[in-house]
């Protein structure tokens, strides 16, 4: 199982970040939802203020490229996951390059699709 930080988590059940968090947990992955709004996703507290959990395998992004810059150091240097998933609409060549320079794998994919086809 892959401990996953969901960046852009929201308590709104209509949002993909919410759905991905719920599906990841249902598939047995440990989830760390991080967002700007407090709340919860099916019993998982949304953390704010950029917490630094350890042993994160994957960061799955639900923050658009225009807002990602403030998270570059956080994701690449503080969290330093094994991989970053750029979900549709979050693709960012600049962050991808920074990550790969630090040895972090990157993938442009949809977390929900990867889970549904057992490729997560």
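The values are calculated or read from the model by the stated rules, or taken from the named source; none is laboratory data. From a predicted model like this one, the values you see are computed outputs, not experimental measurements. No Cβ is skipped: glycine too gets one built from the backbone with ideal geometry, and neighbour counts run over all protein chains shown.
Within the group 43, 8, 28, 35, which residue is closer than 23 Å to residue 116 by Cα and touching a strand residue (DSSP E or B) at 6+ places or on another chain (Cβ under 9 Å)?
Numbers: 43 fails: touching a strand residue (DSSP E or B) at 6+ places or on another chain (Cβ under 9 Å); 28 fails: touching a strand residue (DSSP E or B) at 6+ places or on another chain (Cβ under 9 Å); 35 fails: closer than 23 Å to residue 116 by Cα.
Answer to the check: 8.
Looking only at the range 69-90, how many residues end up being more than 15 Å from residue 17 (Cα to Cα) and touching a strand residue (DSSP E or B) at 6+ places or on another chain (Cβ under 7 Å)? Step through it out loud before you land on a result.
Kept after step one, since they are more than 15 Å from residue 17 (Cα to Cα), are these residues of the range 69-90: 69-83.
Filter once more, so that each one left must be touching a strand residue (DSSP E or B) at 6+ places or on another chain (Cβ under 7 Å): 71, 75, 79, 81-83.
Total meeting the criteria: 6.
Is at least one residue of the range 17-29 under 25 Å from residue 102 (Cα atoms) and either surrounded by 23 or more Cβ atoms within 10 Å (Cβ to Cβ) or free of Cβ contacts under 8 Å to residues at least 60 places away in the same chain (or both)? Can you show your working first?
Initially, the range 17-29 is screened for residues under 25 Å from residue 102 (Cα atoms), giving 29.
Within this subset, residues satisfying the condition of being either surrounded by 23 or more Cβ atoms within 10 Å (Cβ to Cβ) or free of Cβ contacts under 8 Å to residues at least 60 places away in the same chain (or both) are none.
Looking for residues that are under 25 Å from residue 102 (Cα atoms) and either surrounded by 23 or more Cβ atoms within 10 Å (Cβ to Cβ) or free of Cβ contacts under 8 Å to residues at least 60 places away in the same chain (or both), one finds none in the range 17-29, hence no.
Restricting attention to the range 44-59, does a residue exist that is under 15 Å from residue 3 (Cα atoms), within 12 Å of the chain's Cα centre (by Cα) and surrounded by fewer than 19 Cβ atoms within 10 Å (Cβ to Cβ)? Yes - at least one qualifying residue is present in the range 44-59.
The criterion of at least 3 residues that are farther than 24 Å from residue 14 by Cα and either at pLDDT 95 or above or touching a helix residue (DSSP H, G or I) at 6+ places or on another chain (Cβ under 6 Å) (or both) is met, among helices (runs of 4 or more DSSP H) falling completely within the range 34-120, by 93-101. Residue count for the range 83-104 under the criterion of being in contact (Cβ under 8 Å) with a residue 40 or more places away in the chain and surrounded by fewer than 18 Cβ atoms within 10 Å (Cβ to Cβ): the result is 0.
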